[in-house]
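Everything below concerns the one structure shown next.
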Amino acid sequence: MSTVDKNSEILFLYDAKMCNPNGDPDDENRPRFDPDRERCLVSDVRLKRYIRDYLEDKGQLIYVTKAEGVVQAAERLKKVLGKDNVSGEDLPALLERLIDVRLFGATMPIKGAKRGEGEAVNLTGPVQFTWGYSLNRVQFVDSVTISSQFATREQAGQGTFGKDYRIYYALIAFHGIVSARRALAMRERAGGNEAAATSEADLERLDEAMVQAIPLAATRSKIGQYPRLYLRLIFSDGETFIGDMRDDLVMNPDQDLRSVKDFSLDLTALGRRLERFKERIDQVLVFQDPELCTAVAGQETPVAAWLAELLGADKVKAIERT
């Protein structure tokens, strides 16, 4: 498996209907929200949690599991390696086993292998995401009070009441990067061990998780979320990035929405950005949900067909959901 040696840039859109995409525990678990722009917000940590859970369910070994917290990190490393004493010399073996560390990096409580190094190893992974935000203006569901007939023995027959905050509809967009420089730095940190660095196979698993994970992770507050568009641009070198593609997307309309069928997504400005960098784009991986309507210059156009015309059919590869 070869170490990633080319940069990639990611655009990922998923929608949230009648649910809570990312509750804020410091605010009664209300959906994270930008009141000035009326936009729903989702942290990169929430997105990475979806990806990690999917990879773990598919049999991949994960460092930051659903059950592990900060105080359990040392025990987690011991469990991964099957030994009681973990040191910096074990870093290559840990990276070989832990796909989420190879992708996203981590802070691991192990003493460095060299004299003078600290008590923790800090790794910045090549795959990083910004916070996501909705492209449309979002409205909260009016009624948030829920009741339950279950109570303690002392409260028998009284029931309980709580709050259940949800939004009507949001099309949430994330921007991400894959840095070849970070992948090579991780390999060097692991003593040149190729198997300990982020590989093309790791990125293929990431692509799969991006389009598969969210519907499978549905809980009571998260059901109603579906991937709508995923693009990963693979560049010809380890230097190129083109910037946040979300800035080029226009929803028509962008308010009073209740479903994916209530709008179209205009890609005209994104096409101009891609045109400027087309000579440095080796390949584009693309997934589009058939319910998402996309348009260019006022004409409804599927994304894969549009990219094939813009960049060349040989550069476009479709990703399918199973």
Final fewest-first order of Y226, Y63 on the 10 Å Cβ neighbour count is Y226, Y63
By Cβ neighbour count within 10 Å, fewest first, T3, T219, T65 rank T219, T65, T3
Expected unfolding gain across R37-T107 under the 0.36 nm per residue rule, minus the alpha-carbon gap, is 21.8 nm
Candidate cut points under trypsin sites (Lys or Arg not before Pro) in the stretch 14-97, DSSP loop plus at most 15 other Cβ atoms within 10 Å of their own Cβ, are R37, K58, K66, K83
Read-out percent of Cα pairs over 37 Å apart, candidates (i) 10; (ii) 14; (iii) 25; calculated match is (iii)
Rounded to one decimal in nm, the spacing of the 7 Å Cα→Cβ label points at N85 and D314 is 5.7 nm
Toy charge model, Lys and Arg Cβ at +1, Asp and Glu Cβ at -1: the chain dipole around Cα centroid in debye, rounded to 20, equals 600 debye
In nanometres, the difference between 0.36 nm per residue of separation and the alpha-carbon distance of R220 and N122 is 31.8 nm
Residues other than M251 with Cβ under 10 Å of its Cβ, Lys/Arg counted +1 and Asp/Glu -1, net out at -2
Mean separation of Cα contacts under 8 Å (at least 6 apart) over the residue count of the chain, i.e. the relative contact order in percent, is 25 percent
Within the stretch 16-33, the residues whose backbone N lies under 20 Å from a label point placed 7 Å from the Cα of K163 along the Cα-to-Cβ direction are 18-33
Normalised Cα Rg of the stretch 182-322, dividing by 2.2 N^0.38 Å with N its residue count, works out at 1.21
Of all trypsin sites (Lys or Arg not before Pro) in the stretch 223-322, the ones in DSSP coil with at most 12 other Cβ atoms within 10 Å are R258, R321
Distance in nm between E188 and A269 label points, each 7 Å along Cα→Cβ, equals 3.8 nm
Expected sort for M245, M18, M210 with the fewest Cβ neighbours (10 Å cutoff) up front is M18, M245, M210
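We did not get these values from a lab; they are worked out from the coordinates using the rules stated. Since we're looking at a predicted model, the values are computed, not measured. Cβ sites come from the backbone with ideal geometry, for glycine too, and all protein chains shown count toward neighbours.
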